[in-house]
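Below: one structure, written as structure tokens.
The values are calculated or read from the model by the stated rules, or taken from the named source; none is laboratory data. All figures in this text were calculated on a predicted structure; none of them were measured in a lab. Don't worry about glycine lacking a Cβ; one is built from the backbone with ideal geometry, like all the others, and counts go over all protein chains shown. Note: areas computed on protein heavy atoms with side chains; ligands, DNA, RNA excluded. Shrake-Rupley method; radii C 1.70, N 1.55, O 1.52, S 1.80 Å.
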Amino acid sequence: MAARSLLSVLLLLACVLLEPQNARALTLSARLIHRFSDEAKALRISRSGEDPKDLGRWPQRNSMDYYHLLASTDFQKQKMKLGSRRHFQFLFPSEGSNTVSFGNDFGWLHYTWIDIGTPNVSFLVALDTGSDLFWVPCDCIQCAPLSASYYSTLDRDLNEYNPSGSNTSKHVSCSHELCESGTNCKSPKQSCPYTIDYYTENTSSSGLLVEDIVHFAAGGDDGPNTSIEAPVIIGCGMKQSGGYLDGIAPDGLLGLGLGDISVPTFLAKAGLTKNSFSMCFQEDDSGRLFFGDEGPATQQSTSFLPSNGNYETYIVGVEACCIGNSCLKQTSFKALVDSGTSFTFLPEAVYDKISKEFDRQVNATITNYAGSPWKYCYNTSSQDLPKVPSVTLMFVANNSFVVHDPVFPINGNQGVVGFCLAIQPTDGDIGTIGQNFMMGYRTVFDRENLKLGWSRSNCQDFSDAKSMPLTPSKGTPPNPLPTNEQQGTPGGFAPAVAGRAPSKPSAASSRLVASQFCSLRLLPLLLVLFLIVLVF
């Protein structure tokens, strides 16, 4: 006991004596040897007991073998470094990146199949950049018909989501930070209700929020895909109204907006993709959807504009409009870029200038169709559409968005009998760039840099995307989305690493560094103390 007490006193005294001001009194040194030196070879033989012949040909200094071995080690280290980096990737729904429009049956919107839950169930959801929530018909009280017999273009029934039938579904309580209706709940543990009213009159969806797995894939057309399961908050849409009962999004709506509850936000915050996505719509009603796509370097772009000081929706500022080669004065306006709107709407004053100039340039006879809301419609004497002037939206820095066919055809018994300018007026000073103006373009919603990008595309050749790492590095599974508790932590989704580093070390970190420094300086002294204790 006396020896232990003496040792404790000596250790305490040594640490006091060797405070930072006395640090120079003791230094440590080590001798370095090269890995391919004769000394290293001898040391390896003495330690392992290997026969020198078993080591193979030891590389002679400055020989080609010598440099080759050094370089091969460097290559391995570089691979390790690259493998440890986060690989951002393109993601798309597990059933494929393809989108499709079914025409009038489904409100002329683009749809994609997406799988939810465990076991997974498929839903045909409309793509909507004008809203945030991803909802599907669920435990229905009032939903659209889901049988394929109600729709002339479907070859299989639509599905209804049942949270209790999924092993991975989770309750979202009123206390959750993404529960906007939480203040109306009787208890914070109650299931979070939601109600969303859309632009179309009397069109809404309401129900409860749940969290479940949404199935994605990462990969390219020329190789196997990797499955990705991402927890996402979903609207269990028990009751729909208006257009949602008449064939628009009967099986759900994929909100792609800027809000925290949108699917692109979840994927980006989970570290699965870059905070961007693209949609590409072709004139044959096909298309592609990719999460994480920032577009080609050659694309044109314009910045999103804030609304009431916040970036809440994809609003852009159009500087001027041109019809053919004629650019019109006083045609600037703001517009929401909305894939959930079939056609394009312009502020009334701008609409009047554009439609009159279009009418002046088009070589066709104007006509009226009974019951049609379209004012500028024309007859055609042949089954092919005549050449019509393009509509060009001009942005800052002389960037231009050209709509080559700003019309839609009118079919009769003998084929095409006419066409209409696919633009309508709207009240207010904010217009809508609808899905019809996005045809033939790879449209990129770069949420990270708050920019809209566009480039002409056939929606099939994404060769610039194939140079990106499309699959996670081996041994590094994608980061899962955080739990509800992490989401509720102020400052970010990863509380352990979020926030700025303090400008000065905390008291706790200072004590830790000091203790480690003291331990290192005591190593030689401990041997002496140990001998003293043995003597006693």
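With all protein chains present and a 1.4 Å probe, how do Trp135, Trp374, Trp108 order by accessible area, largest first?
Largest accessible area first, the residues go Trp108, Trp374, Trp135.
Any idea what % of Cα-Cα pairs in the range 104-152 are farther than 15 Å?
59
Given R₀ = 51 Å, what would the calculated FRET efficiency be for Thr365 paired with Ile141, taking r from the Cβ atoms and rounding to 0.05? Mind dumping the intermediate values first?
Details: r = 50 Å, r/R0 = 0.99.
Once the sixth-power term is evaluated, E becomes 0.50.
Could you work out how much longer the chain between Asn167 and Asn399 gets when fully extended? Use 0.36 nm per residue separation minus the Cα distance between them, nm to one decimal.
So the extension gain works out to 78.6 nm.
What number comes out for the charge environment of Arg442, summing +1 per Lys or Arg and -1 per Asp or Glu over other residues with Cβ under 9 Å away? Let's see the in-between values first.
Working: positive: Arg288, Arg456; negative: Asp293.
Net charge in that neighbourhood comes out at +1.
Under 20 °C and 1.002 mPa s, how fast does the range 156-249 diffuse according to Stokes-Einstein, given a Kirkwood radius computed over C-alpha pairs? Answer in µm²/s, whole number.
The diffusion coefficient I find is 139 µm²/s.
So what's the range 127-183 giving for Cα Rg divided by 2.2 N^0.38 Å, two decimals?
This ratio for the range 127-183 stands at 1.47.
Would you tell me the accessible area of Asp352, worked out with a 1.4 angstrom probe on the heavy atoms of the protein chains, in Å² to the nearest 10?
Approximately 60 Å² of Asp352 is accessible to the 1.4 Å probe.
With the cut-off at 28 Å, tell me which of the pairs Lys189/Lys269; Lys329/Lys451; Lys170/Lys239; Lys239/Lys269; Lys329/Lys375 have Cα atoms farther apart than that. Could you put the intermediate results ahead of the total?
Working: Lys189/Lys269 25 Å; Lys329/Lys451 25 Å; Lys170/Lys239 20 Å; Lys239/Lys269 30 Å; Lys329/Lys375 22 Å.
Listed pairs above 28 Å: Lys239/Lys269.
Report the extension gain between Glu448 and Asp427 in nm, rounded to one decimal, defined as 0.36 nm multiplied by the number of residues separating them, less their alpha carbon distance. Each step should come with its number before you reach the end.
On the way: separation 21, 0.36 × 21 = 7.56 nm, distance 3.11 nm.
My answer for the length gained is 4.4 nm.
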